[in-house]
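First up is the structure itself, then whatever we jot down about it.
The values are calculated or read from the model by the stated rules, or taken from the named source; none is laboratory data. Everything numeric here is computed off the predicted structure, so don't read it as measured data. Cβ: placed from backbone, ideal geometry, glycine included. Neighbour counts: every protein chain shown. To get the accessible areas, we keep the full protein, side chains included, count just its heavy atoms, and leave off ligands, DNA and RNA. Shrake-Rupley method; radii C 1.70, N 1.55, O 1.52, S 1.80 Å.
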Amino acid sequence: MDADGDRDEGRATDPARVLADGGQPEWYRDAVVYSLDVKTFQDSDGDGWGDFRGLIDRLDYLEELGVDCLWIRPFYPSPLRDNGYDVADYRDVDSRYGSLDAFDALVDAMDERGMRLITDLVLNHTSTEHEWFQRAREDPDSKYHDYYLWTSHLDDAYHTTNIFPEFEDGVWSYDEVADKHYFHQFYNHQPDLNVANPDVQEELFSIAEFWLERGVDGFRIDAAHPMVLPKGHNAHQMDDPQWLFRELKRRAREVKDDAVLLAEADDEPDKLDFYFAGGEAFDALFNFVGNSHVTYGVGVEDTWPLHRMFEQIPDAQPDGHVWWANFLRNHDEWNLLKLPHEALEHAREFFREGHGDGRDSWIFGRGHRLRLADLYDGDHDRIAMAHSLLLSLPGTPILFSGDEIGMHADLDLPERQAVRTPMRWDDDEPNAGFSSADPEDLVLPVDGTGWPGVFQADAASQRGVDGSLFERVADATDARAESPEVARGEFAVVDTGPKEVWAHRFDHDGTTLVVVHNFADDPREVTVDVDAAADLERVLGAADYRVGDGDVTVALDGCDYLWLRDE
Ligand code: NOJ
C-alpha cells in the first residue's frame, strides 16, 4: 500500500515501504499470513524431514495462494518432545531442517519476492536439554541456576494447574541432579524461565536481536500469557510485567524499525488490552475469542457467536493500537474455552470424531485435535466460505498450512500430531510429494486415508482448477489484497435478519465494502441496509444481487458469499 492507500503493483507487500504517519509499521495489517512447520512442508534431500531448501522451492505455491508473509514454527535445535517448542539452542537451526546458511537463503528468497517472515520465539521456557538448564541443575551457585525456578519445599510451594493436564499432574518436577523441584507450566521437559531475572531478560532481548539482524520481520511470541503469570515457589510476579513486552518491542525496533510483535496471549477478553500497552508492546494478538466463536458459528450455521465475539474483544480500529491476528485453526487443539459453557459442551459432542474407538479427538478437556476439513465434514464449500469470512474480518488473516486444500487430521497419531502431518502436494507421487524417503523415515506419516468415505485432498488436483478449494481460497486472498478497506476502514456489523447470514461493512476514503456470508447449507435471500449506487463493483463471489432504495438484496446459495464495493 502506498501513502495514498493505493495498492502497490503485485501481490506481495513492499518491504521498503515507508512507515505510516506516527511511525507505526503497517505492513502486517495488509498482509495475508500463512503458518507452516518447515519439517512437514517439503523435504528437498530425501531424508524424510522437511527443510529450508524445500520451503524455498515451494515459495511459488505460496505466492500463487496470495500469501505475503510466513509465520514458521520453531526450527531451533530441539529434542522435539513438544514439536520444537522445547528449544535446546536459540541461536541455531536444527540440522534436520538445514543450517543457518539455509535459513539465510530463505530470507533472501523471500526478500526477492517481497514476502515477510515471522518466526516463533519461545521465551517462557526452554527444553531441559538447553545448556542453561544443564548448568543450572549441576551447579546451584552458577548464574544459570537462577534462570529457572526451584523449590526444596514442595509442600509450601505455589501450585497451579498445568496447561497440559492430561499429561502432567502439576507444575513441579523433581530433578535428581539438583535434588530440587523445578517449575514448569507446560510439559515437565519444558522448565519455565525466571523471566523476572534481569540476566534472563537480557538473554531474551538479545535472542530477538540476533534473528532480526538475520533478516526476520518479527516474532510470534509463544506463551505470552504464561510468561507473566505468577511463577515459582512464592508465586512471584514482576512489579511491572508489561515492561518485559515494552522493552522487547523497543529493543526489536532498534534493530528493525518496522519489526512486528505478535502475541500468543490466550487471556481473558478484559485482560487483552494489557498486551497492547497502548501501542508500546504487541502490535497484534491472536484472536482466540474469534477462533472459537467464528469456527464454531460457521460449523453450527449460526451467527450468534460472531455477535458475541465482537461484544467481547476490544475494537480493532484502523488508527488504533488494537489489532487482531484472526485464524480458523492452528497447529494446536481447537481450544473452545472462550465459548460459553453450554456451547463448549455442545461443540465437544457435535464435532467429536473417533469417539469410543481409542482415537478420540477431544483433548486437554478443552478442544478437538481436528482440522477444519474434519470440523466441516470435508465440505469444501463451507471451508471456502469460512476462508472468505476470515479474510474479510477486521485484523490480519492467518491461514493454517494444509487447510487451503482441505487436509484432514490423522487421529491415529498421538496428541496434537494429528493436525501436523506433512503437506500433501501430489497424490500421484510417493509420500504425496512431500519426500522421496522411505515412509518409515518420514518425520510424521503422510496421511492418505482421511475419514472413511471422505476425500483426502492434495494440492496438485486443485491448483489451476476453477472452483477448487485452493483456487477459491486464492480468490479470497486476491479480494483481500484488492480491498484496502479491510485493514484501513471503519468496521460495522450489518443486520441481515436470518440467523445464518452474517454481514459487515467497512467505510474507507469514500468507498464502502459490504460482505455477506451465508452459513446455512441452503439458500438465503437477505436485504441489507446500505445506501449504494446502482453500479456496485463485485469484488468476490457469484451471488445475484439487486440494488434498492437504500438497500441491497442478495440471493445466496448454501455456503455462499459476496463482497461488494460501492465507490
Ligand atoms: C503454544 C504452542 O502453540 C504450542 O504448540 C506449545 O505446545 C505451547 N505454546 C508451549 O510452548
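Candidate membrane-span-like segments in the chain, meaning DSSP H helices with Cα atoms spread over at least 15 Å of their own axis and a Kyte-Doolittle mean of 0.5 or above, are 288-300, with no membrane implied. Taking only the Cα atoms of segment 61-111, the ratio Rg/Rh comes out at 1.04, with Rh defined as the Kirkwood radius.
In the chain, helical runs assigned H by DSSP with n ≥ 4 each contribute -39500 (n - 2.57); averaged across all residues and rounded to the nearest 500, the mean residue ellipticity at 222 nm is -7000 deg cm²/dmol.
When only alpha carbons are used to place a centre, segment 155-190 and segment 103-121 end up 37 Å from one another.
Each peptide in 439-445, 202-208, 152-158 gets a packing score, the mean of other Cβ atoms within 10 Å over its residues, and the list from highest to lowest is 202-208, 439-445, 152-158. If R0 equals 35 Å, the separation of the Cβ atoms of residue 490 and residue 337 corresponds to a calculated FRET efficiency of about 0.70.
For segment 97-195, the fraction of alpha-carbon pairs lying more than 19 Å apart is 52 percent, rounded to a whole number.
Between segment 206-269 and segment 386-450, the alpha-carbon centres lie 29 Å apart. Among beta bridges from DSSP that stay inside the chain, the antiparallel ones total about 60%. All C-alpha to C-alpha distances of segment 332-402, sorted into 10 Å bins beginning at zero, yield P(r) values of 18, 43, 35, 4, 0 percent in whole numbers. Among 547, 476, 496, whose Cα sits farthest toward the positive end of the charge dipole of segment 476-558 (+1 at Cβ of Lys/Arg, -1 at Cβ of Asp/Glu, about the Cα centre)? Towards the positive end, the residue furthest out is 476.
In plain terms, if you count all Cα to Cα distances in the chain and split them into 20 Å steps from zero, the share in each step is 21, 56, 22, 1 percent. The alpha carbon centroids of segment 520-554 and segment 500-515 are separated by 11 Å. Once the chain from residue 311 to residue 92 is taken as fully extended at 0.36 nm per residue, the excess over their C-alpha distance is 74.5 nm.
Taken over segment 422-552, the alpha-carbon convex hull comes to 166 cubic angstrom per residue.
Around the amide H of residue 371, modelled in the peptide plane, lie the amide H atoms of 409, all under 5 Å away and 5 or more residues distant in sequence or on another chain. Ligands, DNA and RNA are left out, and with a 1.4 angstrom probe the accessible area of the chain is 37 Å² per residue. Which of the aspartates and glutamates could be linked to residue 256 by a straight reach, that is with a Cα gap under 13 Å, when you skip same-chain ones fewer than 8 residues away? Qualifying aspartates and glutamates at Cα under 13 Å: 209, 213, 217. The packing ranking, built from the mean of other Cβ atoms within 10 Å per residue, places the peptides 319-328, 120-129 in the order 120-129, 319-328, highest first.
Dividing the convex hull volume of the alpha carbon atoms of segment 129-168 by its residue count gives 104 Å³ per residue. Divided by 2.2 N^0.38 Å, where N counts the residues, the Cα radius of gyration of segment 344-464 comes to 1.10. Extension gain for residue 129-residue 47 works out to 27.1 nm (0.36 nm per residue, less the C-alpha to C-alpha distance). Neighbours of residue 425 by Cβ distance under 11 Å: Lys/Arg scored +1, Asp/Glu scored -1, total -4.
With a 1.4 Å probe and all protein chains left in place, how much of the accessible area of the chain comes from carbon and sulfur atoms, in whole percent? C and S atoms contribute 42 percent here.
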